[in-house]
Number of protein chains: 2
Amino acid sequence: MSKKIIIVGGVAGGATAAARLRRLSEENEIIMIEKGPYISFANCGLPYYIGEMITDRDRLLVQTVEGMSKKFNLDIRNLSEAIKIDREKQTLSIRKVDTGEMYEETYDTLILSPGAKPLVPPFKGLQEAENLFTLRTVPDTDKIKAWVDEKAPEHAVIIGGGFIGLEMAENLVHRGVQVTIVELGNQVMAPLDYEMASIVNKELKKHGVNLIFNDGVQAFEDQGNKILLQSGRFIDSDLTILSIGVQPENDLAKKANLEIGSRGGILVNEQLQTKDENIYAIGDAIEVKDYIQQTPAMIPLAWPANRQGRLVADHIHGQPVSYSGTLGTSVAKIFDLTVATTGNNEKLLKALQKDYEAIHIHPASNASYYPGGSPISLKLLFDPNTGRILGAQGVGIKGVEKRIDVIATAIKGDLKVTDLADLELAYAPPYSSAKDPVNMAGYVASNVMDGEVSVFHYHEIADLLAKGEIIVDVREPKERENGAIEGSINIPLGELRDRLNELPKDRPVYVHCQVGLRGYLATTILTHNGYQAKNLSGG
Amino acid sequence: MSKKIIIVGGVAGGATAAARLRRLSEENEIIMIEKGPYISFANCGLPYYIGEMITDRDRLLVQTVEGMSKKFNLDIRNLSEAIKIDREKQTLSIRKVDTGEMYEETYDTLILSPGAKPLVPPFKGLQEAENLFTLRTVPDTDKIKAWVDEKAPEHAVIIGGGFIGLEMAENLVHRGVQVTIVELGNQVMAPLDYEMASIVNKELKKHGVNLIFNDGVQAFEDQGNKILLQSGRFIDSDLTILSIGVQPENDLAKKANLEIGSRGGILVNEQLQTKDENIYAIGDAIEVKDYIQQTPAMIPLAWPANRQGRLVADHIHGQPVSYSGTLGTSVAKIFDLTVATTGNNEKLLKALQKDYEAIHIHPASNASYYPGGSPISLKLLFDPNTGRILGAQGVGIKGVEKRIDVIATAIKGDLKVTDLADLELAYAPPYSSAKDPVNMAGYVASNVMDGEVSVFHYHEIADLLAKGEIIVDVREPKERENGAIEGSINIPLGELRDRLNELPKDRPVYVHCQVGLRGYLATTILTHNGYQAKNLSGG
Ligand SMILES: Cc1cc2nc3c(=O)[nH]c(=O)nc-3n(C[C@H](O)[C@H](O)[C@H](O)COP(=O)(O)OP(=O)(O)OC[C@H]3O[C@@H](n4cnc5c(N)ncnc54)[C@H](O)[C@@H]3O)c2cc1C
Ligand SMILES: Cc1cc2nc3c(=O)[nH]c(=O)nc-3n(C[C@H](O)[C@H](O)[C@H](O)COP(=O)(O)OP(=O)(O)OC[C@H]3O[C@@H](n4cnc5c(N)ncnc54)[C@H](O)[C@@H]3O)c2cc1C
Ligand SMILES: CC(C)(COP(=O)(O)OP(=O)(O)OC[C@H]1O[C@@H](n2cnc3c(N)ncnc32)[C@H](O)[C@@H]1OP(=O)(O)O)[C@@H](O)C(=O)NCCC(=O)NCCS
Ligand SMILES: CC(C)(COP(=O)(O)OP(=O)(O)OC[C@H]1O[C@@H](n2cnc3c(N)ncnc32)[C@H](O)[C@@H]1OP(=O)(O)O)[C@@H](O)C(=O)NCCC(=O)NCCS
């Protein structure tokens, strides 16, 4: 029996669903409704076209209306906005964007993949600000690029230090623009924890980007050429990008009385159906479950949208599918750095008052004797009781996303931190070490789990110093010239066995080095000699 | 209670065991016996020092005898060869290599990590061949490098196209030497299947390397300057590297009446103990179980040696460890290509008469609109009944080992091919696509599992043609100019729905394209229209 299926939204989730639906059946009538001029475009490539890393605009259009219609025998209607769903009659009202003409279509099944739109608070002076842009679509991109090409702005201000903001920062710097990022929080890249984000700050500064933290926009003045911050400070801007986050496109769903979550996402079951079983919703517009905690989450990324698009098509064809939540695995290139994360971060675990332990390591991306390697800062979060992997963050120049992908896979395979040591990963000098960074994270975490070594964390140091605790720096004296913890005792690792008598056995001894490895060795030496030693996680 | 532990072999397995033993206890006496001048050297870096990719020879020495002795409080004896084990008396006879002096040491526990040595068959003229080398140790490396530096060989012959042979080929080409590889089999890189190895052939030829397959050495003549092949052909050589494989160093074990497997590996249990529970054996010298099939295997790689070194130390300290087999995950850089594999290949599965299915895909390493991407040839082997992942092979320029590492992790997590579609991997344009190549492999394999699409394989084509079967090429006419299967019918994908009547419904229709995707789309169109269509795996 032939069905009539209408899809609202023709990009990541919508186009994927359409293609899969057609591959599963030649029979059904499939209509795709897209309010913009283009379908199936490369949202994620937009910043790079502005930055002229991608030079051919056509490359942004993965499929055209004509090409995709033909290839998949679809009825694709761009410049068509879905306005209203009548669930009783099973009809969708559609408005032609250019003519304003309205008409109705009946449907058997409806798929909503309308995405999310940039958050734009009603700042004072917003309407008058001519140099203010948000970035979501190809037309947005064209406008920003034309502004850069024609007005040759000297100074750009980016409001919001999320991944779109940082990608725009990089691409504007490529275009010779001086960039300032204004961020309300105390760090960029919210999926990272603070200490990991600090590495990104350095990279941004290295490339001339100014960072303003803990401050936000109060008003735009002088047609947007001056921005008044909440602190009272004024900054000049020739081009402003507002990238403080996105909000789900939930209008259609709301008006149709479908359920909406507290953060505005459309609510769906594990089969991605709204409370109306004939209406599915997917992508940035929905609320998902955090894969680790199974708590509500909004994770506007392309993988979930694509995955959900396929699953919905399968479910419509009677296949038993279920979407079990989103891990939030992500990666971004920030100048020469790669920043990648998966699962929960420490901020979230702390807020949820979960039991967790964190380890930090800084292994080389590949054998240190082979040229081209560089250190990866890797943070691993786990449940110290069960060994369950809760999340990971990596920052570095090379091989970062590989390690995060491996850990994301381990999470899906329900492997424990102790199992990470047992992952047999590919090794040759240009690619890794015989103990891969992920193995190493597994070893370090296992040692914490087994209670073989106690650790303490960088944020405890101030407190320890205040209490007058003993901190032993096991680096070489020369290394201390570039900075050392005040009041720490220096006993280089190589001398430790001969200088044990300088330390007390009746109270804790806090050990640290540069990256955590020598500190660990020192801690084992001390522990086995009867001392109460703790190692600084990550050195 | 303090124990006396002797380790034979001071490199990958041995040095790792020693370091971990010390971290687990400050008490035990740990003696490391190494017959060569160096311990803890970077075996895997040796070819790159000859090729001057690594310029500082000291970088090859990861730890020195002095440094490691001090850091880990070890008794390290280099230039000391273990000659005989007396299991009754628990003594080891040791010979000082420089003086020939012999002495005995008692032990409580003995760890054998003597590695494997290059296979050197008794070829005629071998002794007289002055320009013939094998590569295992730093002294071997010094000799080869000196020969290249001093004799400036014009033409080198490499016997054996395994990964050491190919790495040497690349490094000698870097040094301006013209290289010929002679290989007894019909392909290089045995872990790959034939069609995947063919991609490597092209890369080798592109860099001027001559390949001679299905031929081996018969004799060396003229001090090695002429090599007589089994085919009767003569080739000239100014430098010959013999790299046809390695054999386990099992002398000590054999003489001590420990059990040896049919291929010469020392036999151990899952705790890596020989039949004498006080004697452990690890690394290249032992027979392991193939992780997938649990059949005996010899897999001389650094990861297993390192892993086993750690496990043995843990077991000696009473921890419940078990080594469950080796997947054989490996990677090699061959000029601009990366070649990586994990698990079983098709040759092995065929030889073992296992039920398996193979899929081939050629996805881009990252978003095709973002510069710097390149296709990855990815082959996935799985059990069509259970969906168990049996192995994977990847060849390409970028991002290859990442995908193999992810699949190796999925295997350890006991994920099925269908689960690969569900791996939430990191995506941004410089790194991947919203459907990662591993997801794509999962989709394609799932379609085969679900019977949604039938596939046939490239090696069946000749047979199909002979039988006069119908082969439909769905590429564009222009693409056929560079070659097409003779007798195939050309119906471009875009025209297929309108030209269905040109094909018969009463017999199979074999579809192919360039990479398999358009063929897949055509196959779904045909199938849903009542045709018996099959798609060529990998196009
Ligand atoms: C600049 C930028 C960079 C990004 N980079 C990355 C990245 O590197 N990695 C990553 O994982 N994700 C990235 N994303 C996010 C990713 O693009 C989205 O998560 C993904 O596109 C969501 O898919 P979707 O189908 O839910 O929505 P979209 O792809 O946004 O598609 C929704 C479509 O629906 C249309 N629509 C909405 N309402 C209606 C209506 N009522 N009627 C008709 N049409 C309607 C919209 O016009 C839109 O075209 C990026 C996004 C942007 C904007
Ligand atoms: C050129 C080359 C490149 C390689 N590249 C890679 C790669 O890219 N990736 C990878 O995974 N693997 C690679 N390998 C393999 C890897 O080096 C080995 O798998 C690993 O070193 C095995 O560790 P092992 O401890 O078993 O043996 P080894 O590391 O070889 O150590 C054994 C030591 O024992 C000593 N010994 C032997 N018998 C005695 C005795 N009776 N008394 C005293 N000492 C003894 C030997 O002198 C030797 O130093 C490469 C090997 C070579 C030679
Ligand atoms: C372009 C778009 C329509 C593609 O959707 P799609 O057809 O589902 O995806 P792909 O082109 O990657 O093809 C995947 C299909 O080809 C099959 N396939 C891929 N390679 C194959 C091969 N070598 N042999 C056989 N089949 C193959 C897969 O199995 C899958 O089919 P299935 O879902 O029926 O199993 C959609 O992804 C899109 O609009 N993307 C742009 C927007 C976007 O994603 N933005 C966010 C990121 S920038
Ligand atoms: C050099 C060699 C002796 C090192 O052995 P090792 O000490 O076990 O290995 P590493 O130096 O990588 O250190 C690993 C240890 O440091 C710990 N560690 C690493 N980073 C750490 C950190 N940041 N914080 C705390 N601990 C850390 C790990 O937990 C592990 O300790 P554990 O085994 O007790 O859990 C040995 O690997 C070797 O000889 N290698 C050269 C030969 C070789 O491998 N050849 C083949 C490849 S070329």
Original post:
By DSSP, what percent of the beta bridges with both residues in the protein assembly as shown are antiparallel, rounded to the nearest 5?
Top reply: 55
Subject >> Hz values of 3J(HN,Hα) by residue in segment A:464-479 - Karplus curve (6.51, -1.76, 1.60), Gly and Pro given as x >> reply: 4, 5, 4, 7, x, 6, 8, 10, 10, 9, 9, 7, 6, x, 4, 5
Original post:
What average number of partner chain Cβ atoms lie no more than 10 Å from the Cβ of the residues making up B:430-441?
Top reply: 5
**OP:** Run the quick spin-label model on B:ASP142 and A:ALA466: label points 7 Å from Cα toward the beta carbon, then report their separation in nm to one decimal.
**Re:** 5.9
**OP:** When you have a sec, figure out the Kirkwood radius of segment A:336-450 from all distinct Cα pair distances and drop it here in Å to one decimal?
**Re:** 14.0
Original post:
Using a basic spin-label model with each label point 7 Å from the Cα along Cα→Cβ, how many nm lie between B:GLU495 and B:GLU101?
Top reply: 8.8
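Any idea what the dipole of chain A comes to, in debye rounded to 20, about its Cα centre with Lys/Arg Cβ at +1 and Asp/Glu Cβ at -1? Please report the intermediate quantities before stating the final value.
Details: 57 positive and 71 negative charges, 81 e Å.
Rounded to the nearest 20 debye, it is 380 debye.
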Subject >> Cα lying deepest toward the dipole's positive end in segment B:455-536, options B:LEU464, B:THR524, B:TYR510, charges on Cβ >> reply: B:THR524
Subject >> Partner lysines for B:LYS89 [C-alpha distance under 19 Å; skip if fewer than 8 residues away on the same chain] >> reply: B:LYS3, B:LYS4, B:LYS254, B:LYS255, B:LYS275
**OP:** Only loop residues by DSSP count here, and only those with at most 12 other Cβ atoms within 10 Å; note down the chymotrypsin sites (Phe, Trp or Tyr not before Pro) in segment B:121-188 that meet that.
**Re:** none
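Efficiency by 1/(1 + (r/R0)^6): what FRET value for A:PHE234 and B:LEU119, r their Cβ-Cβ distance, R0 = 60 Å, to the nearest 0.05?
Result of the calculation: an efficiency of 0.20.
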Subject >> Placed amide H near B:MET32: partners under 5 Å, 5+ positions off or other chain >> reply: B:ILE7, B:ASP75, B:ILE76, B:ARG77
Original post:
Relative contact order for chain B: what is it in percent, counting Cα pairs under 8 Å that are at least 6 residues apart?
Top reply: 10
Subject >> Relative pair counts by distance (%), Cα atoms of chain A, 10 Å bins >> reply: 3, 16, 23, 24, 18, 10, 4, 2, 0
Original post:
Of A:ASP222, A:ASP98, which has the most accessible area with a 1.4 Å probe, and how do the rest follow in descending order?
Top reply: A:ASP98, A:ASP222
**OP:** Mind checking which of B:TYR443, B:VAL395, B:GLY67 is farthest towards the positive end of chain B's charge dipole, using Cβ charges of +1 (Lys, Arg) and -1 (Asp, Glu) about the Cα centre?
**Re:** B:TYR443
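How high is the FRET efficiency between B:ASN225 and B:ASN186 when r is their beta carbon distance and R₀ equals 30 Å, given to the nearest 0.05? Kindly include the intermediate steps, with their values, before the conclusion.
On the way: r = 28 Å, r/R0 = 0.92.
Calculated value: 0.60.
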Original post:
Tell me, how many Å apart are the Cα centres for segment A:120-166 and for segment A:185-228?
Top reply: 15
Subject >> Of the GluC sites (Glu not before Pro) in segment A:486-519, those whose Cβ has at most 12 other Cβ within 10 Å and which sit in DSSP loop >> reply: A:GLU486
Original post:
With point charges of +1 on the Cβ of Lys and Arg and -1 on the Cβ of Asp and Glu, referenced to the Cα centre of the protein assembly as shown, which listed residue (A:PHE133, B:VAL138, A:ASN344) lies farthest in the positive direction of the dipole?
Top reply: A:ASN344
**OP:** Give the distance, in whole Å, between the Cα centre of segment A:317-395 and the Cα centre of segment B:453-515.
**Re:** 45
Subject >> For the axis carrying chain A to chain B: nearest C-beta residue of A, whole Å >> reply: A:GLY413, 1
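How would you classify the protein assembly as shown from its alpha-carbon gyration tensor, with a ≥ b ≥ c the square roots of the eigenvalues: rounded for a/c under 1.5, else prolate if a/b is greater than b/c, otherwise oblate? Display every interim value, and only then the final one.
Working: a/c = 1.98, a/b = 1.31, b/c = 1.51.
Oblate is the answer for the protein assembly as shown, as a/c is 1.5 or above yet b/c matches or exceeds a/b.
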Original post:
Can you give me the Cα centroid spacing of segment B:262-279 and segment A:255-287 in angstrom?
Top reply: 59
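For peptide A:390-403, how many partner chain Cβ atoms fall within 10 Å of a residue's Cβ, on average? All intermediate terms of the calculation are to be shown ahead of the outcome.
Numbers: counts 0, 0, 0, 0, 1, 0, 0, 0, 0, 3, 2, 9, 8, 3.
The mean count of partner-chain Cβ atoms within 10 Å per residue comes to 2.
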Subject >> Coil-residue chymotrypsin sites (Phe, Trp or Tyr not before Pro) of segment A:278-364, DSSP, other Cβ within 10 Å capped at 12 >> reply: none
Original post:
For segment A:521-535, in order, what is each residue's ³J(HN,Hα) by Karplus, 6.51 cos²θ - 1.76 cosθ + 1.60 with θ = phi - 60°, in whole Hz (x at glycine and Pro)?
Top reply: 4, 4, 5, 5, 4, 5, 4, 5, 9, x, 8, 9, 9, 10, 9
Subject >> With all protein chains modelled, accessible area of B:LYS398 [1.4 Å, Å²] >> reply: 70
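For the protein assembly as shown, what is the charge dipole size about the Cα centre, in debye to the nearest 20, if Lys and Arg each add +1 at the Cβ and Asp and Glu each add -1 at the Cβ? All intermediate terms of the calculation are to be shown ahead of the outcome.
Numbers: 114 positive and 142 negative charges, 91 e Å.
Roughly 440 debye for the protein assembly as shown.
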Original post:
Put a dot 7 Å past each Cα toward the Cβ at A:ALA484 and A:HIS459; how far apart are the dots in nm?
Top reply: 2.8
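Treat every Asp and Glu Cβ in segment A:486-539 as -1 and every Lys and Arg Cβ as +1, leave all other atoms uncharged, and give the resulting dipole magnitude about the Cα centre to the nearest 20 debye.
Numbers: 6 positive and 5 negative charges, 32 e Å.
So the dipole magnitude of segment A:486-539 works out to roughly 160 debye.
The values are calculated or read from the model by the stated rules, or taken from the named source; none is laboratory data. As the structure is a computational prediction, the values presented were derived from the model and not from experiment. Please note: Cβ atoms are built from the backbone with ideal geometry, for glycine as well, and neighbour counts cover all protein chains shown. Quick note on the areas: whole protein, heavy atoms, side chains included, nothing else; ligands and nucleic acids left out. Shrake-Rupley method; radii C 1.70, N 1.55, O 1.52, S 1.80 Å.
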